[in-house]
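A short worksheet on the structure shown next.
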There are 2 protein chains.
Amino acid sequence: MKPTIRDVARVAGVSTTTVSRVLNNRGYISKETRANVYTAINNLNYLPNDLARSLFHKKTNTIGLLVPNTSDAFFGELTFEIQSFCASLDYKIILCNTLNHIDKESKYLEILSGSQVDGLIMSTSNSNILNNYEQNLPIVTIDHYISKKIPLVSSDHYSGSLQAVELLLSKGCQHIIYVSTFPAFEQSSTLKRNAYEDGMKRQEKRSIIYEYSGYEEKYKVICKLFDENTEVDGIFCSDDITATAVITEAKKRGISIPNHLKVIGYNGTGVSQILCPELTTVQQPINLIAKTAVKSLLEVIDGEINTNPTKFYLPMKIMEGKTT
Amino acid sequence: MKPTIRDVARVAGVSTTTVSRVLNNRGYISKETRANVYTAINNLNYLPNDLARSLFHKKTNTIGLLVPNTSDAFFGELTFEIQSFCASLDYKIILCNTLNHIDKESKYLEILSGSQVDGLIMSTSNSNILNNYEQNLPIVTIDHYISKKIPLVSSDHYSGSLQAVELLLSKGCQHIIYVSTFPAFEQSSTLKRNAYEDGMKRQEKRSIIYEYSGYEEKYKVICKLFDENTEVDGIFCSDDITATAVITEAKKRGISIPNHLKVIGYNGTGVSQILCPELTTVQQPINLIAKTAVKSLLEVIDGEINTNPTKFYLPMKIMEGKTT
DNA sequence: CTGAAAGCGCTTACAG
DNA sequence: CTGAAAGCGCTTACAG
């Protein structure tokens with residue numbers, strides 16, 4: 001059996017109160033007593049039970065993190081950054097992969113509430129379906145706006161996408177197409193699309209948009225795009241993986257990049273930069289997103305009066321490679 | 001304040017004992033009482049506090065997961081698979097990214113012990129440095145052998161690597177080189193390397209090995225490899241990212257793949273298959289690794305007598321693309 | 001079928 | 001400087 005504070009008290013010949021005070025550096029303790037307690041702790045290999053502490057304090061120093069899938073490069077990195085930053089602030093992370101399934105999300109929410117997490121960071125689609133249990137739980141969302149009361153942390157997708165379109169335009173592209181996943185799960189999709197359309201409109205160019213939902217459909221849609229737009233000379237993609245697929249198809253068709261066609265991706269995760277360093281992409285500030293989300297969640301948890309704006313739109317940066 | 005079992009008892013006009021029995025479906029309860037309790041629960045929006053339950057049962061249904069970094073595609077996927085499978089078995093995951101730093105590892109181990117996790121899944125380098133606290137904690141490691149008592153789950157790296165070498169040989173390669181990260185952190189590196197050497201020896205071919213440790217060094221080493229071995233016609237890489245770098249450099253030098261040079265990577269994660277579908281690679285059965293690790297951990301946690309072998313070497317499969 | 005009591009491992013007023 | 005007591009929110013023998 002694991003030793004408890006009682007065992008320590010017995011061995012050190014003091015009360016549990018005293019042991020607790022030594023442990024928490026609280027009140028006055030004679031040097032001798034303190035020393036005795038510490039030797040007992042060491043001899044017994046005693047480690048305080050955080051469950052009991054949390055129960056008393058009504059604070060677990062644990063945060064629930066909901067993401068769709070850590071296999072996805074963006075979320076894998078985001079999870080890393082959030083967990084690492086939390087650890088530096090003495091918070092633990094309970095990780096939940098929701099796959100954007102509404103039933104999983106609400107089950108996880110219930111589990112996390114039951115686990116008495118101090119707060120929630122959510123970057124998952126159906127965030128608006130909060131159980132009653134979460135009414136008073138501090139929450140911050142990433143990329144998914146829920147309500148005025150819940151802080152939102154997000155890349156400035158509109159501005160980032162506008163930069164992409166403007167880069168293509170400035171390089172002389174005349175026929176720029178936007179290819180995207182179907183904007184069902186991601187609120188950011190709408191922003192990207194709007195930015196593309198606005199950017200085109202300003203230059204009095206016609207918007208051409210292709211959207212797909214599944215894997216096979218993606219390939220078909222890309223082929224269709226090339227078939228139907230032989231004059232295309234610029235493609236802005238909603239993510240790097242799509243951009244890679246576009247580039248592959250273009251090469252297959254003998255279209256030279258960046259001479260005849262310029263391509264820009266989106267996200268700029270570490271993996272895609274390593275695997276496709278040549279890709280020009282709009283990079284999300286993942287580390288900054290993580291830190292901002294954690295900080296503003298902790299502000300709510302610590303009950304700091306929050307008159308700050310509760311939306312953060314973080315700057316995106318174009319990483320220019322060789323595809324533009 | 002969150003309602004407690006006491007509030008429910010008060011509202012339902014029964015004792016907390018009775019509420020608890022309703023909650024846990026234990027003992028006999030009259031239909032009427034049960035109904036009353038449920039309406040009280042619903043009206044109050046009551047959710048049991050798992051902290052208190054865990055404290056009593058000495059069981060948290062929580063597992064600590066230590067990986068180097070979820071940004072890495074392999075660990076991002078592994079984390080997803082482990083967490084998802086655990087969730088289906090009603091276990092939570094506390095995630096820790098160790099970056100293979102020994103000090104972080106041992107700090108996380110202490111935190112997890114304090115959190116009373118029921119067990120640990122470790123896939124991190126210094127696993128042999130267990131604190132005293134973990135002496136009796138059920139542990140399973142992935143890819144890092146610690147001792148006979150601790151189950152190890154691993155891909156069959158030796159056999160997988162041998163397959164790779166044999167594939168290159170069977171395709172007629174005469175000068176096969178092995179490029180790898182410096183085998184400091186990964187025990188698997190040694191196995192891969194041994195398999196390469198054995199495979200070469202069997203065909204009476206000379207082994208040529210290049211190893212690097214950092215990012216810049218990788219690039220230099222790859223260049224050196226080509227400079228020093230103009231006759232190279234096969235390269236087996238310790239991971240897909242290295243393989244991609246090799247391919248990029250080969251193309252730059254005008255070496256045609258797979259005609260003049262065949263390249264095989266290692267890991268076969270989802271991202272690299274999406275971003276570089278043409279790469280031939282030795283794929284790790286990530287889903288199987290996750291399930292095996294979780295299952296054998298739960299066996300230990302559930303105290304099932306374990307006369308089973310405590311090492312699992314899971315089969316790897318070559319995914320043949322267009323680089324061989 | 002139901003409740004009072006003790007206890008899981010801690011912490012903190014309170015009293016001395 | 002130190003300890004006895006109550007309590008965090010549960011559960012489970014035990015008794016009726």
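Brief remarks on what is shown
- Pairing each residue of segment A:19-34 that is closer than 18 Å to A:PRO3 by Cα with any residue that is near DNA strand D (Cβ under 6 Å from one of its atoms) and part of a loop (DSSP other than H, G, I, E, B), provided the two are 6+ apart or on different chains, yields C-beta distances under 9 Å for A:ARG21/A:GLY27; A:ARG21/A:TYR28; A:ARG21/A:ILE29; A:VAL22/A:VAL14; A:VAL22/A:ILE29.
- Search result, residues across segment A:1-36 that are under 22 Å from B:GLN116 (Cβ atoms), under 44 Å from the mean Cα position of the chain (by Cα) and within 9 Å of DNA strand D (Cβ to nearest atom): A:THR16, A:VAL19, A:SER20, A:VAL22
- Residues of segment A:152-187 that are part of a strand (DSSP E or B) and under 28 Å from A:GLU216 (Cα atoms): A:ILE176, A:ILE177, A:TYR178, A:VAL179, A:SER180, A:THR181.
- Any chance B:ASN36 is more than 9 Å from chain A (Cβ to nearest Cβ) and within 16 Å of DNA strand C (Cβ to nearest atom): yes
- Residues that are of a type in the set (A, V, I, L, M, F, W, C) and within 16 Å of DNA strand C (Cβ to nearest atom) are absent from segment B:75-97 altogether.
- The residue list A:GLU32, A:GLU77 contains one member that is acidic (Asp, Glu) and under 27 Å from B:GLY270 (Cβ atoms), which is A:GLU77.
- Note on segment A:23-33: residues that are in a helix (DSSP H, G or I) and either closer than 28 Å to B:ASP50 by Cα or near DNA strand C (Cβ under 7 Å from one of its atoms) (or both) total 2.
- Among the conditions (1) modelled with pLDDT of 90 or more; (2) surrounded by fewer than 18 Cβ atoms within 10 Å (Cβ to Cβ); (3) within 26 Å of A:LYS322 (Cα to Cα), B:THR269 misses just one, which is (2).
- Residues in segment A:52-83 that are more than 9 Å from chain B (Cβ to nearest Cβ) and in contact with a Gly (Cβ under 7 Å, 6 or more places away or on another chain): A:ILE63 alone.
- Residue match in segment B:51-64 (condition: buried (at least 17 other Cβ atoms within 10 Å of the Cβ) and away from DNA strand C (no atom under 16 Å from the Cβ)): yes
- Set side by side, the residues A:ILE241, A:ILE257, A:ILE209 differ, and just one is of a type in the set (A, V, I, L, M, F, W, C), closer than 20 Å to A:HIS157 by Cβ and surrounded by fewer than 21 Cβ atoms within 10 Å (Cβ to Cβ), which is A:ILE209.
- Out of B:VAL263, B:VAL294, sole residue that is under 30 Å from B:THR230 (Cα atoms) and at pLDDT 95 or above: B:VAL263
- Selection status of B:ASN229, out of contact with any His (no Cβ under 7 Å at 6 or more places or on another chain) and polar (S, T, N, Q): no
- Test: residue in segment B:171-187 that is under 30 Å from B:ILE318 (Cβ atoms) and within 14 Å of another protein chain (Cβ to nearest Cβ): yes
- Hey, A:ILE121 under 21 Å from A:THR281 (Cβ atoms), aliphatic (A, V, I, L, M) and in the same structural domain as A:PHE80 (by TED's automatic domain parsing) or not: no
- A:LEU275 passes every criterion in (1) touching a helix residue (DSSP H, G or I) at 6+ places or on another chain (Cβ under 7 Å); (2) more than 12 Å from chain B (Cβ to nearest Cβ); (3) at pLDDT below 90 apart from (2).
- Wholly enclosed helices (runs of 4 or more DSSP H) of segment B:47-151 bearing at least 2 residues among the charged types (D, E, K, R) and free of Cβ contacts under 8 Å to residues at least 12 places away in the same chain: B:50-57, B:102-114
- Filtered by the rule that a residue be closer than 30 Å to B:VAL117 by Cβ, hydroxyl-bearing (Ser, Thr, Tyr) and more than 8 Å from DNA strand D (Cβ to nearest atom), segment B:37-59 gives a lone residue, B:SER54.
- Matching option when the condition is outside the structural domain of A:GLY13 (by TED's automatic domain parsing), in contact with an Asp or Glu (Cβ under 6 Å, 6 or more places away or on another chain) and among the polar types (S, T, N, Q), among A:ASN69, A:ASN126, A:ASN136, A:ASN132: A:ASN126
- A count restricted to segment B:1-22 and to residues that are part of a helix (DSSP H, G or I) and more than 7 Å from DNA strand C (Cβ to nearest atom) stands at 11.
- A:GLU249 vs. criteria on the phi > 0 side of the Ramachandran plot and in the same structural domain as A:GLY172 (by TED's automatic domain parsing): no
- A:THR181 meets all of the listed conditions (1) at pLDDT 90 or above; (2) of a type in the set (Val, Ile, Thr); (3) under 20 Å from A:GLN283 (Cα atoms) but one, namely (1).
- The residues on offer are B:GLY254, B:GLY321, B:GLY265, and the sole one that is in contact with a Ser or Thr (Cβ under 8 Å, 6 or more places away or on another chain), assigned to a loop (DSSP other than H, G, I, E, B), not charged (D, E, K, R) and not assigned by TED's automatic domain parsing to the domain that holds B:ILE150 is B:GLY321.
- Yes/no for B:LYS291 being assigned to a helix (DSSP H, G or I) and farther than 29 Å from B:THR70 by Cα: no
- Among the residues examined, A:LYS31 does not qualify as out of contact with any helix residue (DSSP H, G or I) (no Cβ under 6 Å at 6 or more places or on another chain), within 23 Å of B:GLU134 (Cα to Cα) and basic (Lys, Arg).
- The residue list A:VAL140, A:VAL165 contains one member that is out of contact with any Pro (no Cβ under 7 Å at 6 or more places or on another chain) and of a type in the set (A, V, I, L, M), which is A:VAL165.
The values are calculated or read from the model by the stated rules, or taken from the named source; none is laboratory data. Just so it is clear, the model here is predicted, and its values are computed rather than measured. Every residue, glycine among them, receives a Cβ derived from its backbone with ideal geometry; neighbour counts consider all protein chains shown.
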